[in-house]
1. Relative contact order of the chain, please, whole-number percent, based on alpha carbon pairs below 8 angstrom and at least 6 residues apart.
2. On a 0 to 90° scale, report how tilted helix 3-23 is relative to the longest principal axis of the chain, with both axes built from alpha carbons and the result rounded to the nearest 10.
3. Dimensions of segment 91-218 along principal axes (Cα, Å, largest first)?
4. Using a Förster radius of 25 Å, what is the FRET efficiency between residue 80 and residue 34 based on their Cβ-Cβ separation? Nearest 0.05, please.
5. So how do 103, 155, 401 line up by other beta-carbon neighbours within 10 Å, fewest first?
6. Determine the principal axes of the Cα atoms in segment 310-390, then give the extent along each, sorted from largest to smallest and rounded to whole angstroms.
7. Below 8 Å, C-alpha to C-alpha, sequence gap of six or more: please give me the relative contact order for segment 166-324 in percent.
8. Rounded to two decimal places and with Rh computed the Kirkwood way over Cα pairs, what is Rg over Rh for segment 166-324?
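The numbers here are math on the coordinates, done by the rules we state, and not lab data. Computed from a prediction, not measured in an experiment: that's the story for all the values here. A quick note on method: Cβ atoms are made from the backbone with ideal geometry, for glycine too, and the neighbour counts reach across all protein chains shown.
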């Protein structure tokens with residue numbers, strides 16, 4: 001083995017060691033305090049200066065930075081998470097019965113390793129991305145770099161645009177009627193689940209949708225785990241009719257018909273970039289309280305989806321919240337440099353990236369997003385390809401070395 005190849009292997013092992021260390025620190029969205037403390041201690045040990053803000057974002061900097069690397073440090077916790085037990089299998093890392101947190105823990109691990117190796121970079125760690133880009137929206141820190149590379153993509157391509165989105169809270173005016181019969185529990189559990197954006201076109205069954213098309217005479221209904229996840233579980237209490245049984249209060253049939261008419265899945269496809277351009281995820285049902293997550297690859301298309309939902313919910317109380325903008329596709333000079341290094345495609349992702357918000361805050365900064373192959377994020381089947389982590393790590397190294405020569 002050549003000396004250079006041996007160093008790359010050792011470097012990769014160190015990156016993965018850092019990632020495994022990260023998985024032992026609880027950092028579910030909304031509960032990231034321990035991870036923030038870990039990051040600050042690491043920054044201090046590396047001799048970097050840092051600033052924080054009220055949203056929990058952390059910016060580390062040293063000398064005159066040639067590049068700002070950016071990742072979010074919260075994760076979607078499903079299954080046993082934050083108790084994560086890592087399994088290595090056939091060149092992949094996954095977790096036993098939980099999300100892995102490769103989204104965006106791999107990006108964090110690469111950044112922390114590079115902090116030990118370079119003294120002319122900026123590192124922006126943003127908080128609570130998974131619950132509405134909270135950290136990015138409330139960022140009070142200013143970067144100095146001309147370039148910003150987001151490490152939150154999931155398939156080795158160069159991302160130059162992303163979807164915007166919004167959540168819809170529906171409050172259905174449930175009415176009841178009585179029926180003679182006996183109750184029973186119905187459930188659909190442990191479906192694959194998945195990311196409500198990048199996985200919405202993969203024919204992953206939605207537990208809520210599956211259940212509501214198999215039941216009637218319901219007394220109660222709950223389903224879904226997270227607003228940004230395709231539901232893996234759904235539960236209902238139903239009534240089987242019997243003249244000799246006691247009277248039972250059930251929800252009127254109009255409620256179930258309303259749920260069946262709500263959209264779930266792909267609404268529109270963009271053939272230029274070969275990506276979904278408009279979608280809806282029926283995310284959560286808790287009797288009268290219903291939540292949909294909407295996505296669209298432009299702000300104009302997002303308004304179209306919102307109007308479509310309004311039409312579907314005529315006469316029902318709805319509220320839009322957690323809206324975040326789309327990132328208009330732009331082949332920046334940073335993206336062009338990455339193209340020379342990676343020889344891969346420019347793409348738009350049907351998911352929210354913080355670049356959309358950060359571009360509004362730093363309009364003159366050239367941005368792009370890359371990341372390793374991560375399958376089934378936001379689900380217990382999440383896994384990351386080890387060789388792909390190596391490829392992304394090496395790409396960042398080459399990028400930094402190139403930028404050092406031209407600045």
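1. Details: 970 pairs, mean separation 89.9, N = 407.
Answer for the chain is 22 percent.
2. Taking the Cα atoms of the chain, the angle to 3-23 is about 40 degrees.
3. In descending order, the Cα extents are 74, 38, 23 Å.
4. Numbers: r = 17 Å, r/R0 = 0.70.
E(calc), rounded to 0.05, equals 0.90.
5. Numbers: 103 27, 155 18, 401 12.
Neighbour counts put them in this order, fewest first: 401, 155, 103.
6. 54, 38, 19
7. 33 percent
8. For segment 166-324, the value is 1.02.
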